[in-house]
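The values are calculated or read from the model by the stated rules, or taken from the named source; none is laboratory data. A quick note: this is a predicted structure, and the numbers were derived from the prediction, not measured. Reconstructed Cβ throughout: ideal geometry from the backbone, glycine too, with neighbour counts over all protein chains shown. SASA here: full protein model, heavy atoms, side chains in, ligands and nucleic acids out. Shrake-Rupley method; radii C 1.70, N 1.55, O 1.52, S 1.80 Å.
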Amino acid sequence: MNEVGSVGLIAALAFAAYGVVAGAMGGKLRSLRMVRSAERAAAAFFVMITLAIVALEIQILRDNFHNAYVAAHLCPTS
Amino acid sequence: MPYVVAILMATGAFFASITFFVANPFGELFMASTAGPRPFQPADGNGLNPLLQYHSMVIHPPMLYLGYVGFAVPFAFAMAALITRQLGDNWIRTTRRWTMVPWMFLGTGILLGGRWAYSVLGWGGYWGWDPVENASLLPWLAGTAFLHSVMIQEKRGMLKVWNVVLIITTFFLCIFGTFLTRSGIVSSVHAFAQSNIGPFFAVFLGIVLLFSVSLLFLRVEFLKSENKLDSVVSRESGFLFNNWILLAAVFAVLWGTIFPIISKAVQGVTVTVGAPFFNKVAVPIGLLLLFLTGAGPLLAWRKTSFQSLRRNFTLPLAAAVVVGVALFLSGVRHFYAWMSLFLCAFVAVSILQEFFKGARTRQKTGGENFLRAIYNLTMRNTRRYGGYVVHLGIVLLFVGFAGQAFQAKTKGLMQDGDELRVKNYVLRGISVVSGDTPNYTFQKIRLAVSKDGQPLGTLEPDRRFYKASQQPTSHVAIRSSLAEDVYAVLAGQDPDTGKAIVEVFVNPLVAWVWIGGFVTFLGTLLAMVPSRVERQMAEMRQAQEAGVGVSDAL
Amino acid sequence: MRSRLALVSLFAFATLALGAGRARAVDPPPTVDRIGERVMCLCGCVAILNHCPHQNCSMHEEMRATIQKAIAEGKDENAILQLLVQQYGVKVLAAPPAQGFDLAAWLLPGLGLAVGLALVVMIVRRWRKPGEIPATAAGGHDVDPKLLAAVEEEMKTSGMGIRK
């Protein structure tokens, strides 16, 4: 699960970085294709962040204390 | 739109990289062994800070985050408008909508936080002027200023530069608030959220400021005011004063919050700037703001004549004087509380007068009955009347704030049969119970409450000792009514006598804080409903665009 | 002119009334609770002494005992605060003392308010146009005047503001 979360985050980062470039270029070059592409990157960013959150949430609900964050903030009964 | 996406994604990229590289929640635990690190899975976690194990805590942080995050959208629109030089009416209309949503969430989040503090921390109050509390208040105040001054731009085409400045300020304060909370740069009750991300945020804040301010300077010629002020006594100048007070409040709170850092840098000593400071500084500013809440809407756009001023102010002022005299005669001597309630009466009556006047006009011209007229009036211009409802919510908040001046408290050692008196309440100990759950052990005292001899039921404050974190907390028992709350805390056990240490507060009018918050929330929702007029205009625009499209095709 | 006077006097009234709040009666005798509102608990909870959320907090009890003792010795509130500062350092005070550099903490919010007011007054003066309200519509718009007139008519009848 930690891998899934990390992949979600790094993919989100990549999409965001692409979104900045595509958005700026799309605006500058007045290219509708670029702009659409940037908008899709924004949507993908959202999906990837959601994936990371779900990955973390699953570990919290499963009391996976191998994850440092879960171990620091959770106990099985709370 | 393309630049809006770019700006939002830049913010997203920053937060994604912080989450991935600096404060990754997917870190794993390993144990060193001879054969290299081995995965390690402890049998149990540290446990959530017990103070946070409370129901409104589930919703308080997401609300605040929605607020903080949401303010990125107006910022992105403002920046995009500056980049593309499309600084007409379009972006400001979109931005206003997008500001109201986060503004509502942020405000609700702040109040839920207050509600949590009130029910869990056990000191009888809901707002402690902690740096992190202030950090959430700052963007809310700046956002409030924007929501008001944006109207001058929409209606009169003025204050364009100023509005961009306010959007930048609000967004900056959001990031700054996150920075304060997560960096631990000032000591705070919210220290549980600290990590080592401070420097990254500082750099990001620098970039945001540099980028937005230089962009503003490059485009300042496109933001010329379209109008002049017709009269000093007008709605426009009312909004200017509103902005003055709100920004002065932002400045005062910000200054107090960061003063410990400044003091440390200048004189090498860390001082504390806590509640006594903020109460002294913020209360007068708050009261001035309350006054404007009522006075501003009574001024007409462009120019207000003396006749209309007299017509609009007479009834609210008379009502306020009556309330003021009544309060004085009934023994209210706390000046700020008196002033606050006096102004509350003024503002409340001024708002009701607006509703009444509008409804009566409709009654006369349209022959509608009163309630129908009120409804139609509101739905026809939801922004205006929704705004009035928000103002009414603010009045109720201030009623609640004023109540704090009359707080009474007492403390005593209690066991079965002991009595504790506070104001006209008597609390009698019935029984002390102890118990055990998997999460915590607890001790609970049952108190029979009576007021002037009338029994009012029981209160059961308890005290828990959480096993995982080895921390004790109190669970406050509150008996709430519109007039006052009886608030009992089991503060501990006296080591000598073995009796329970019970603290009891009587907090007048606190319920109005929550009611006021709820009314504000409803008013904001109402203001976001598209009014009939707006819908008609949108239809007109659409029809026109469709017409243009057809003629293009031909 | 009269209307302006009315507004100014309303403001003056509000400001004066607020200022009057400062002038309070003589301080009542010190109590542990009163002083406990003015100092911080130093156990690490970052709360006002009276509001420390930790039970059986050692620091809390120690500080209250110190205050209790000083009251018993007949010291007044300021002397007790001085004593606490000597014992625990200046950070024990919940608000910085109004002297030396710390005076800046108290003065700047007021200064900010004053500078803001000066700015508002300046802006109002610069914005004010001399004489009558001209009847022309907002200039510089690249809009079909017929359309503009139609929209304004619509806004006028609907009770929304007029952009003029």
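Against the numbered list (1) closer than 24 Å to B:VAL69 by Cα; (2) within 18 Å of the chain's Cα centre (by Cα), A:ARG36 comes up short only at (2). Please find, among B:GLY393, B:GLY417, B:GLY403, the residue that is more than 18 Å from B:VAL510 (Cβ to Cβ) and open to solvent by less than 70 Å² (accessible area, probe 1.4 Å). The match here is B:GLY417. Taken together, B:MET79, B:MET57, B:MET1 contain a single residue that is at pLDDT 90 or above and either touching a helix residue (DSSP H, G or I) at 6+ places or on another chain (Cβ under 9 Å) or facing another protein chain (nearest Cβ under 9 Å) (or both), which is B:MET79.
Being of a type outside the set (Gly, Ala, Ser), free of Cβ contacts under 8 Å to residues at least 12 places away in the same chain and at negative phi is the requirement here; does B:PHE356 meet it? It is true that B:PHE356 is of a type outside the set (Gly, Ala, Ser), free of Cβ contacts under 8 Å to residues at least 12 places away in the same chain and at negative phi. Could you please find all residues in segment B:223-252 being facing chain C (nearest Cβ under 7 Å) and either among the hydroxyl-bearing types (Ser, Thr, Tyr) or within 25 Å of the chain's Cα centre (by Cα) (or both)? Once the filter is applied, which keeps residues that are facing chain C (nearest Cβ under 7 Å) and either among the hydroxyl-bearing types (Ser, Thr, Tyr) or within 25 Å of the chain's Cα centre (by Cα) (or both), segment B:223-252 yields B:SER237, B:LEU240, B:PHE241, B:TRP244, B:LEU247, B:ALA248, B:PHE251, B:ALA252.
Mind checking whether some residue in segment A:52-63 is open to solvent by 30 Å² or more (accessible area, probe 1.4 Å), in a loop (DSSP other than H, G, I, E, B) and within 8 Å of chain B (Cβ to nearest Cβ)? Yes: one or more hits. The sole residue among C:LEU93, C:LEU107, C:LEU84 that is modelled with pLDDT of 55 or more, exposed (fewer than 14 other Cβ atoms within 10 Å of the Cβ) and under 30 Å from C:ASN50 (Cα atoms) is C:LEU107. Condition test on B:ILE175, is it in contact (Cβ under 8 Å) with a residue 12 or more places away in the chain and within 13 Å of chain C (Cβ to nearest Cβ)? It is false that B:ILE175 is in contact (Cβ under 8 Å) with a residue 12 or more places away in the chain and within 13 Å of chain C (Cβ to nearest Cβ).
If you go through segment B:201-255 and keep only what is of a type in the set (Gly, Ala, Ser) and outside any loop (DSSP other than H, G, I, E, B), you end up with B:ALA202, B:GLY206, B:SER212, B:SER214, B:SER237, B:GLY238, B:ALA248, B:ALA249, B:ALA252.
Taking (1) more than 7 Å from chain B (Cβ to nearest Cβ); (2) open to solvent by 50 Å² or more (accessible area, probe 1.4 Å); (3) at pLDDT 85 or above in turn, A:ILE10 satisfies each apart from (1).
Selection over segment B:402-424 of residues that are of a type in the set (Asp, Glu) and in a loop (DSSP other than H, G, I, E, B) gives a count of 2. Criterion first (buried (at least 21 other Cβ atoms within 10 Å of the Cβ) and either within 25 Å of B:ALA402 (Cα to Cα) or without any contact (Cβ under 8 Å) to a residue 60 or more places away in the chain (or both)) does B:ALA320 satisfy it? Judged against the criteria, B:ALA320 is a match.
Within segment C:128-135, can one find any residue that is modelled with pLDDT under 80, closer than 30 Å to B:ARG383 by Cβ and open to solvent by less than 50 Å² (accessible area, probe 1.4 Å)? Yes, that holds for at least one residue.
If the condition is being aliphatic (A, V, I, L, M) and more than 7 Å from every other protein chain (Cβ to nearest Cβ), then segment B:260-284 contributes B:ILE261, B:ILE262, B:ALA265, B:ALA282, B:VAL283. When B:SER225, B:SER237 are checked against the criterion of being open to solvent by less than 20 Å² (accessible area, probe 1.4 Å) and of a type in the set (Ser, Thr, Tyr), a single residue qualifies: B:SER237. For segment C:22-38, state whether one or more residues are modelled with pLDDT under 75 and of a type in the set (Lys, Arg). The answer is yes; a qualifying residue exists. Checking B:TRP255, B:TRP162 one by one, the residue that is open to solvent by 10 Å² or more (accessible area, probe 1.4 Å), facing chain C (nearest Cβ under 8 Å) and under 30 Å from B:VAL283 (Cα atoms) is B:TRP255 and no other. If the condition is being exposed (fewer than 12 other Cβ atoms within 10 Å of the Cβ) and part of a helix (DSSP H, G or I), then segment B:323-339 contributes B:VAL325, B:LEU329. Residues that are open to solvent by 60 Å² or more (accessible area, probe 1.4 Å) and either closer than 20 Å to B:LEU229 by Cβ or within 11 Å of chain C (Cβ to nearest Cβ) (or both) within segment B:303-316 comprise B:LYS303, B:GLN307, B:ARG310, listed in sequence order. Cβ-Cβ distances below 9 Å connect the following pairs, each with a first residue in segment C:93-111 that is within 13 Å of B:VAL281 (Cα to Cα) and within 8 Å of chain B (Cβ to nearest Cβ), a second residue that is open to solvent by 20 Å² or more (accessible area, probe 1.4 Å) and hydroxyl-bearing (Ser, Thr, Tyr), and a separation of six or more residues or different chains: C:ALA95/B:THR272; C:PRO96/B:THR272.
Can you tell me which residues in segment A:13-40 are within 7 Å of chain B (Cβ to nearest Cβ) and either open to solvent by 80 Å² or more (accessible area, probe 1.4 Å) or of a type in the set (A, V, I, L, M, F, W, C) (or both)? A:LEU13, A:ALA16, A:ALA17, A:VAL20, A:ALA24, A:VAL35, A:ALA38, listed by residue number.
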